[in-house]
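This report refers to the structure that appears directly beneath it.
The values are calculated or read from the model by the stated rules, or taken from the named source; none is laboratory data. Nothing here was measured: the structure is a model prediction, and the numbers come from that model. Cβ placement follows ideal geometry from the backbone for every residue including glycine, while neighbour counts extend to all protein chains displayed.
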Amino acid sequence: MHHQVIVIGGGAAGLYATAGLARLGVDVAVINEQENMGGDCLHYGCIPSKTLLHMAQETKQWSIIRQKIQDTIAAIQPTDSVPRFENLGVHVYIGKATFLDSHTIQVGNQQLTAKKFIIATGSRPRVPEVSGLDKSMYETNETIFQLTELPKKMAIIGAGPVGLELGQAFQNIGVAVTLFDYNQQFLKRHHRDIAAIALEKLGLDIHLNSKLLQVRRLNEQEIELKIEEAGQEKTYIVEKILFAAGQIANIDTLQLENTGVLFDKKIQTNAHLQTTEPHIYAIGDVINSPSLTHAGGAEARVALTNIAFGNFSKIQYGTLASVIYTKPEIYQLASEQEATRVLLASGATIDRFKTDDEPEALVRVGINKQAKIVHAEAIGADISTVMQQIALLKATNSKLTDLSKAIYPYPTKSEILKKLSDQLLSEKLEKPFIQKVLQKIIKWRRLS
């Protein structure tokens, strides 16, 4: 079988690209290893974890939470289903894909050819090699949601977004959770102000500068962990380990060595998302980019646009924000550029944060000399929704002071951004030259 485009991988990024190409009338096929498409985000990541976070605020009964997770996945599954994509005109192949050469792949007993390819095979949890470790001792995000019973004590290896979200949720349900992270700083990519508030408000037992050395099963229920913390060896007893310490790109079975595609742990791409074989594109967790579902969606849009219309679109991550969906939420819109000024606003000065008893909420916005957005960070309940206004300002090359043009419902948390905008405007009005001009206008109008 020959197609114009073959997408390898039926996860969020791959399906976005597939649907987009199909709507443009392209003869496109998608290959997915499993019959249930949707990938990590639907089955093991975004959807089950956010459902868990929500339900952990509602009940402590794992059977109810687990059923809600399954029901939510089932409700979304039709959008990512084989019938839906076949109705779009997509050819769907189920099986493992391997390259025979740069234009031919094998799926089961079928050989498929195409003019262009998109590799979007995603990633899987990284499980480190640890002395004494066997599969009965640990879970990952791919298996934790299938447990029929939760352990009483659990060690989480990794205090990144996955570890923090699952750790807080399981602790809310009643699991005694301890997190271990190899980094010496908590949330090392965030500003220390934000990290300090998060460490206090998350309420988790987090051990930094820690490394899992050895595991030993004591009995049917208990596992002994030997952990090096800041150079000292310590022992902990738990019932389960949850690994949340990074991902591995799913490229090892593609046999990319049969193509001209350069890769190491991930696939090398240019700004157009082409690999070193120009007709083969790669998106999502298989490339060196932020491992976020919305990053994969943005990459899919660039790749399908370039395939359909020519390579004029380049991937830009300038408005790509990351969010840790704990309570409080931790938001970051990062940038490699330096801001000329950083403005801060605290929840303690905003009435809606006061009514909701969240004085610790904090917003930091970096701007340039023209008051345009460079970067931003924030922490607070549901703060990601508030902060999307900042991403929009950056995307439209607008000024922070533009936020003062709108009338804000009172009381809302969005007023924390208006406060920053009003601060800048007030500073302009208070400049001596502006004050002189204003006084002359008022005097001329006989108001003084």
If the requirement is being surrounded by fewer than 16 Cβ atoms within 10 Å (Cβ to Cβ), outside the structural domain of residue 147 (by TED's automatic domain parsing) and within 23 Å of residue 152 (Cβ to Cβ), which of these qualifies: 69, 64? 64
Kindly indicate whether residue 259 is β-branched (Val, Ile, Thr), in the same structural domain as residue 116 (by TED's automatic domain parsing) and without any contact (Cβ under 8 Å) to a residue 40 or more places away in the chain. no
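Evaluate the following for residue 49: is it closer than 21 Å to residue 324 by Cα and among the hydroxyl-bearing types (Ser, Thr, Tyr)? It would help to see each step written out before you state the result.
On the way: closer than 21 Å to residue 324 by Cα: yes; among the hydroxyl-bearing types (Ser, Thr, Tyr): yes.
Yes.
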Are there any pairs, at least 6 apart or on different chains, whose C-beta atoms fall under 7 Å, with the first in segment 354-370 and polar (S, T, N, Q) and the second part of a loop (DSSP other than H, G, I, E, B), and if so, which? 355/411; 368/339; 368/340
Collect the residues in segment 265-322 that are in contact (Cβ under 8 Å) with a residue 60 or more places away in the chain, of a type in the set (A, V, I, L, M, F, W, C) and crowded, with 20+ Cβ neighbours inside 10 Å, keeping them in residue-number order. 267, 280, 282, 283, 286, 300, 303, 304, 307, 321
For residue 226, work out the one condition from (1) in contact with a helix residue (DSSP H, G or I) (Cβ under 7 Å, 6 or more places away or on another chain); (2) free of Cβ contacts under 8 Å to residues at least 24 places away in the same chain it doesn't fulfil. (1)
Filter segment 1-35 down to residues that are part of a strand (DSSP E or B) and touching a helix residue (DSSP H, G or I) at 6+ places or on another chain (Cβ under 6 Å) and give me whichever is surrounded by the fewest Cβ atoms within 10 Å (Cβ to Cβ). 5
Could you list all residues from segment 233-262 that are over 29 Å from the mean Cα position of the chain (by Cα) and at pLDDT below 95? 260
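Quick grid of which residues meet (1) in contact (Cβ under 8 Å) with a residue 12 or more places away in the chain; (2) buried (at least 20 other Cβ atoms within 10 Å of the Cβ); (3) farther than 30 Å from residue 257 by Cα:
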site	(1), (2), (3)
37	yes, yes, no
48	yes, yes, yes
55	yes, yes, yes
73	yes, no, yes
84	no, no, yes
97	yes, yes, no
Any residue in segment 188-205 that is of a type outside the set (D, E, K, R), within 22 Å of residue 236 (Cα to Cα) and in contact with a His (Cβ under 9 Å, 6 or more places away or on another chain)? no
If you take just the helices (runs of 4 or more DSSP H) that sit entirely in segment 382-448, which of them hold at least 2 residues that are more than 22 Å from residue 335 (Cβ to Cβ) and either touching a Pro at 6+ places or on another chain (Cβ under 7 Å) or not assigned by TED's automatic domain parsing to the domain that holds residue 330 (or both)? 432-444
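Looking only at segment 321-335, filter to residues that are of a type in the set (Ser, Thr, Tyr) and at pLDDT 95 or above; which one of those is farthest from residue 382 (Cα to Cα)?
Ranking the qualifying residues of segment 321-335, first place goes to 322.
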Looking only at segment 166-189, which residues are loosely packed, with under 14 Cβ neighbours inside 10 Å and either farther than 15 Å from residue 66 by Cβ or of a type in the set (Asp, Glu) (or both)? 184, 185, 188, 189
